[in-house]
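**Student:** My questions will all concern the structure given below.
The values are calculated or read from the model by the stated rules, or taken from the named source; none is laboratory data. Quantities reported herein were computed from a predicted structural model and do not represent experimental measurements. Because the Cβ atoms are built from the backbone with ideal geometry, glycine has one as well, and the counts that use them run over all protein chains shown.
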Amino acid sequence: MSETTGREWIDAFSERLGIEPPDDATVEALLDIAGVAAHASERTAAPIACWLLDIDDARRLADET
């Protein structure tokens with residue numbers, strides 16, 4: 001039995017939502033921001049931080065770091 005990868009799950013979930021899955025740059029930006037939030041406070045801050053952000057601003061900020 002093979003395990004579903006994170007990327008496969010995201011792609012399938014995006015399809016079910018009827019939206020395009022995030023590209024690789026967006027995934028990296030989200031993971032970077034989630035990592036900062038999780039390490040700067042409680043782990044639960046990571047998904048909430050990603051929900052709050054504007055991905056275009058996140059990419060810009062990630063590029064500046």
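**Student:** May I ask you to list pairs of residues, at least six apart or on different chains, whose Cβ atoms are under 7 Å apart, with the first in the stretch 15-41 being at negative phi and surrounded by 14 or more Cβ atoms within 10 Å (Cβ to Cβ) and the second being of a type in the set (Lys, Arg) and at pLDDT below 85?
**Tutor:** Ala29/Arg59
**Student:** I would also like to ask the following. With the condition kept exactly as written, say whether any residue in the stretch 1-12 is at pLDDT 90 or above, surrounded by fewer than 11 Cβ atoms within 10 Å (Cβ to Cβ) and basic (Lys, Arg).
**Tutor:** The answer is no; no qualifying residue exists.
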